[in-house]
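K.L.:
Below you will find the structure I want to go over with you.
The values are calculated or read from the model by the stated rules, or taken from the named source; none is laboratory data. Since this is a predicted model, take the numbers as computed values, not measurements. All Cβ positions, glycine included, derive from the backbone under ideal geometry; neighbour counts span all protein chains shown. What goes into the accessible areas is simple: the full protein's heavy atoms, side chains included, and nothing from ligands, DNA or RNA. Shrake-Rupley method; radii C 1.70, N 1.55, O 1.52, S 1.80 Å.
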Amino acid sequence: MPNRDHGLKLLALDREGLGVISAHAQNTCLRRSDMAWLPKQRRFVLAGMRFDWVGAKTGPAERVSSVLRFDRVLKVSHLGLGDKDKDKDKDKDAPLNLLAVTFEKTDPPAGLILLAFADGALVRLEVECVEVELCDMGPRLPADACPGHALTDASAV
């Protein structure tokens with residue numbers, strides 16, 4: 001169990017480890033402007049407010065400022081995030097809710113990491129291998145409610 005005083009720090013080097021990171025990163029709130037592709041460093045980074053699922057089981061529901069870093073990234077593409085060059089202010093400030101991070105092998109250990117968002121948007125990272133870190137970086141804030149969406153809300157069915 002993570003120490004709430006020191007924050008969570010996880011490193012994944014395979015699909016199983018990425019699954020653990022995905023579970024902890026589920027329902028991270030961010031904006032498009034919180035994502036950055038750094039091609040010279042072969043790195044993709046996103047920052048957001050992660051819902052602390054483990055902490056909410058024993059204490060208050062909180063969000064914590066976190067960074068998700070992907071290394072050995074060769075190419076980044078996206079679907080459903082709009083055109084960055086058109087209406088820049090609107091696109092970069094649109095709220096996003098990260099649902100899952102998955103890995104599909106193409107030519108092992110290389111493959112595709114997919115970041116799936118609640119509104120159907122996807123970010124696809126072509127990677128040499130899985131090398132991902134999730135790290136809590138800053139303040140904790142009370143969460144207004146436990147995050148959810150139509151697929152998990154029984155009343156919406």
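K.L.:
List, in order, the whole-Hz ³J(HN,Hα) value for each residue of segment 17-27 obtained from phi through the Karplus relation with A = 6.51, B = -1.76, C = 1.60 and θ = phi - 60°; use x for Gly and Pro.
P.N.:
Result, ordered by residue: x, 5, x, 5, 4, 4, 4, 6, 8, 4, 6 Hz.
K.L.:
Next question, about the same structure. Can you run phi through the Karplus equation (6.51, -1.76, 1.60; θ = phi - 60°) for segment 109-125 and list ³J(HN,Hα) in whole Hz, with x for Gly and Pro?
P.N.:
Coupling constants for segment 109-125: x, 6, x, 10, 9, 10, 10, 9, 10, 4, 7, x, 5, 9, 10, 10, 10 Hz.
K.L.:
Now for a different question. Given a Förster radius of 22 Å and the C-beta distance between Glu133 and Lys40 as r, what FRET efficiency does 1/(1 + (r/R0)^6) yield to the nearest 0.05?
P.N.:
Taking R0 as 22 Å, the efficiency between Glu133 and Lys40 is 0.70.
K.L.:
Rolling a 1.4 Å sphere over the protein heavy atoms, what is the accessible area per residue of segment 97-149, to the nearest Å²?
P.N.:
That works out to 48 Å² for each residue.
K.L.:
Here's something else I'd like to know. Quick one: Karplus J couplings for segment 39-55, per residue in order, coefficients 6.51, -1.76, 1.60, θ = phi - 60°, nearest Hz, x for Gly and Pro?
P.N.:
Per residue, the Karplus-derived 3J(HN,Hα) values read x, 5, 8, 6, 9, 10, 10, 9, 10, x, 9, 7, 6, 7, 5, 5, x Hz.
K.L.:
Hey, can you grab everything whose amide H is under 5 Å from the amide H of Glu131? Only 5+ residues off in sequence or another chain; H modelled, so Pro and N-termini drop out.
P.N.:
Asp71
K.L.:
Tell me the label-point distance for the pair Ala110, Ala61, using the 7 Å Cα-to-Cβ offset, in nm and rounded to one decimal.
P.N.:
In this crude label model, Ala110 to Ala61 measures out at 4.3 nm.
K.L.:
Counting only residues 5 or more places away or on other chains, whose amide H sits under 5 Å from the amide H of Lys75 once H atoms are built in the peptide plane?
P.N.:
Amide H neighbours of Lys75: Glu126.
K.L.:
For segment 32-143, what number of Lys pairs, 8 or more residues apart or on separate chains, have alpha-carbon atoms under 27 Å from each other?
P.N.:
Lysine pair count for segment 32-143: 13.
K.L.:
Related question: Go through His78, His24 and list them by solvent-accessible area, largest first, probe radius 1.4 Å.
P.N.:
Largest accessible area first, the list is His78, His24.
K.L.:
Taking all protein chains together and a probe of 1.4 Å, list Met49, Met35, Met137 from the most accessible to the least accessible.
P.N.:
Order by accessible area, largest first: Met137, Met49, Met35.
K.L.:
Run a plain Debye calculation on segment 16-89 (Cα atoms as equal point scatterers, no solvent) and give log10 I(q)/I(0) at q = 0.17, 0.23, 0.27 Å⁻¹, rounded to two decimals, same order as the q list.
P.N.:
-0.79, -1.15, -1.30
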